[in-house]
Amino acid sequence: VQTCALPISQASVARASSSSTSLTASHFRSVIAHEGMAGLYKGVMAPAAAAGPRSACIFAGYDMALRNFDGGRIRDHALAGVMGGLFAAPVTTPMELVKCRVQVSKIRAAGSSTLGMEWQVCQQLWQREGFRGLACGISLTACRDATFRGTYFATFEVIARAWNQAEGRDPQAK
């Protein structure tokens, strides 16, 4: 998924950081002409490195919250998903920030490794702004992730119940 989504993310971050209002193929051609194909994947290592810890936080938050509900209602799964998104925000925020900063940086992807660029951005953030720098945008990330995870887990539960019912299985049986 990251392989397909990152070029789109790179283009949308570039558009958001410029005065351009359109996202066209010309942006992709420009990046490829100046940085090669690697330019479309600037910032890929931060999301990849954070995927495991982020998922652990999401599911730990979801599980802990769901234990406080009876779990029989879709709403319970939505609220537990919201908690999972909130639990993951401290991991997701620095990862997103580093990814976006690398994507808009003038460092050529072809001239240095993406890991090197990301490490450089992370060090600069830490040296200049400390913990606050890495937490920049946490409230927006938490709102986005809470909304998404609440929707995700509720939708998953609806689909799982429909599937089980169609298969003639008892959804309460373990």
Filter segment 129-138 down to residues that are within 13 Å of LEU97 (Cβ to Cβ) and part of a helix (DSSP H, G or I) and give me whichever is modelled with the highest pLDDT. ILE138
Look at segment 130-174 and say how many of its residues are free of Cβ contacts under 8 Å to residues at least 60 places away in the same chain and under 19 Å from ALA46 (Cα atoms). 13
Extreme residue, farthest from ALA142 (Cα to Cα), among residues of segment 34-76 that are in contact with a helix residue (DSSP H, G or I) (Cβ under 6 Å, 6 or more places away or on another chain), in contact (Cβ under 8 Å) with a residue 12 or more places away in the chain and outside any helix (DSSP H, G or I): LYS42
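The values are calculated or read from the model by the stated rules, or taken from the named source; none is laboratory data. Just so it is clear, the structure is predicted and the values come from calculations on it, not from any experiment. A quick note on method: Cβ atoms are made from the backbone with ideal geometry, for glycine too, and the neighbour counts reach across all protein chains shown.
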